[in-house]
Amino acid sequence: MTLHNLYSDSYHCCNELYKVLKYHTPISLFQLFSLSKRPGEETRIITTLPLNSFVHQASSLWNTIRQIMNLNDFNITHDSFKCKLKELILSAQTKGDKTEWNPINKFLNSSCFENGT
C-alpha cells in the first residue's frame, strides 16, 4: 500500500464518517456508532469490539482526528471540515524523512501530532 493510499483512505473514511455523524444518514450506518454523552465530548465515538472490525477501526481513527482538530460539535460545515482535514493530512505528510517511510508519518499514530497541528 502506498503512502498516498494510506492518507487517501484515512481522508475518505473521516470525510464520510463526518457526514454520517452530522446528518444521521444513512441511518443504518449511523446506528452502528455510539456517540458519547459526556459534555464537551459529543463528537467522541465509543469504540466497540471486535478490534479488527470496520466500526472499531473507523471509530479509533475518528477519535484521533476529532481530538487533534478540537472538534467538539458538528456545527462546522462539511466543506470546512474537509479543508481542515486536508490541512491536517498535509501537515502529517511533511513530518519525518521525505524519502523514507517513517513511523512518525503513520496517520493513525496520534503521537505524530504532538504539536497540535
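The values are calculated or read from the model by the stated rules, or taken from the named source; none is laboratory data. Bear in mind that the values here come from a model prediction, so they are computed numbers and not experimental data. In this analysis, Cβ positions are derived from the backbone assuming ideal geometry, glycine residues included, and neighbour counts consider all displayed protein chains. These accessible areas exclude ligands, DNA and RNA; they are computed on the full protein's heavy atoms, side chains included. Shrake-Rupley method; radii C 1.70, N 1.55, O 1.52, S 1.80 Å.
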Restricting attention to the range 41-56, does a residue exist that is touching a residue at least 40 places away in the same chain (Cβ under 8 Å), open to solvent by less than 50 Å² (accessible area, probe 1.4 Å), at negative phi and out of contact with any Lys or Arg (no Cβ under 6 Å at 6 or more places or on another chain)? no
Across the range 57-78, what is the total count of residues that are free of Cβ contacts under 8 Å to residues at least 24 places away in the same chain and surrounded by 10 or more Cβ atoms within 10 Å (Cβ to Cβ)? 6
Every residue in the range 31-86 that is under 17 Å from residue 14 (Cβ atoms) and in contact with a His (Cβ under 7 Å, 6 or more places away or on another chain), please. 47
